[in-house]
């Protein structure tokens with residue numbers, strides 16, 4: 001299987017049907033916001049790496065990232081907001097490390113997660 005790498009200054013790829021094939025999501029340093037629906041339905045993603053510069057994770061940002069290998073995620077220290085349904089349907093997610101910097105976690109941000 002061919003790996004697809006996405007490189008960007010802003011994480012705003014919603015609506016791209018090619019994202020369903022992405023195996024690893026690496027958001028580069030300098031990105032401060034992951035937009036709504038940015039990586040929605042990346043169902044083959046086995047890992048998500050977020051930059052230390054990140055401050056906001058938008059609504060539905062990782063909704064449906066349901067690969068069985070995606071079992072944990074660490075939210076970076078600068079994040080203050082996790083949007084509604086941000087990780088909804090990440091059904092294999094069993095460990096989430098959330099720093100004290102997070103001031104707001106949206107409605108059902110982790111619903112349908114283990």
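Rounded, prolate or oblate for region 7-114? Axes are the square roots of the Cα gyration tensor eigenvalues, ordered a ≥ b ≥ c, and the cut-off for rounded is a/c under 1.5. Write out the running numbers ahead of the final one.
Details: a/c = 1.44, a/b = 1.10, b/c = 1.32.
Rounded.
For region 38-93, what ratio Rg/Rh do Cα atoms give with a Kirkwood hydrodynamic radius?
Values: Rg = 10.6 Å, Rh = 11.2 Å.
Using Cα coordinates only, the ratio equals 0.94.
Run the numbers for residue 114 and residue 46: contour at 0.36 nm per residue of separation, minus the present Cα-Cα distance, in nm. Please report the intermediate quantities before stating the final value.
Values: separation 68, 0.36 × 68 = 24.48 nm, distance 1.56 nm.
Here the answer is 22.9 nm.
Rule-based calculations on the coordinates, nothing more; no lab input. Just so you know, these numbers come straight off a predicted model, no measurement behind them.
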